[in-house]
Each structure stands twice: as C-alpha cells, then as structure tokens.
Amino acid sequence: MFKLLLILLACLPLTSCGGFKYAVQNYRGVKVQKHHGPDFEIRVFDKPEENRMMVTPTVGRAAKEGYISGATLGLASIENTKAGYQKQAQDFLDHNERKMEIYKGDLVVKPQWEFWYRAKGKTIE
C-alpha cells in the first residue's frame, strides 16, 4: 500500500504538464489584465482575435488557496469551480462592453480556465 502511494505521489506533478504546456504555447506573449469581478479578482489572458481567454486567480489568491489546501491536507479549499471563474470571465466581457457570451470552458491546469466566447445570441453550428 505504501509503495502504491509513493508511485501515485511521484506521478502527480506529471498530470498537469500537458495543461501547462498548452497554456504556454497558446498564451505566451498575451498581455495579462486584472479584473475585479463580482466575487473575486482574476487575471485575464484575452485573445479577442480568437474569441477565447484564459483566466487565473491572482498570485495572492492562488497562494492562499495552496496554503489552505495544504494546511488541511486537501480537506478544505477556496472555491475554484468552472462556474465561479466563468462568472468572473463573463463579467470581464460585460465590463468591457464586448457584447459577447461565454459558450464553452475547459480546465487548462488547476486553477486556470480557458473560455470561448461568441457574439450574444449567435449559435455555433
């Protein structure tokens, strides 16, 4: 049992490598913008020419989340759900009067989310 636990712990850092690589490849050089949403502040890597963005917590929020999760051995954490980040990302679009709506979102690497957006009322075929 102990050996299995060690193997799982050794593999854990590798599970997020693909997401990290994706984030670097797709968002390198994109200017980060801070946005004070209705619930918390986020960092936004917006690519309006591709109708997508990646959102992340601020460095302080990420550190706080890591501390809380680590101190409680993962039993407690700050809310970092897709719905929570999508709400903040939609507020960013609304605040900038973009007349866009988010229609799709994926976890890139915890707690970074990528959201795709389109003109309000438009459907994707």
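The values are calculated or read from the model by the stated rules, or taken from the named source; none is laboratory data. Every value quoted in this text rests on a predicted model; they were computed, and no experiment measured them. For neighbour counting, all protein chains shown are included, and Cβ atoms are generated from backbone atoms with ideal geometry for every residue, glycine included.
Once the range 36-87 is narrowed to residues that are part of a loop (DSSP other than H, G, I, E, B), modelled with pLDDT under 65 and of a type in the set (Ser, Thr, Tyr), the residue that is nearest to Thr123 (Cα to Cα) is Ser77. From the set of residues in the range 9-23 that are hydrophobic (A, V, I, L, M, F, W, C) and either in contact with a strand residue (DSSP E or B) (Cβ under 7 Å, 6 or more places away or on another chain) or surrounded by 10 or more Cβ atoms within 10 Å (Cβ to Cβ) (or both), which is modelled with the lowest pLDDT? Per the stated criteria, the residue is Cys17.
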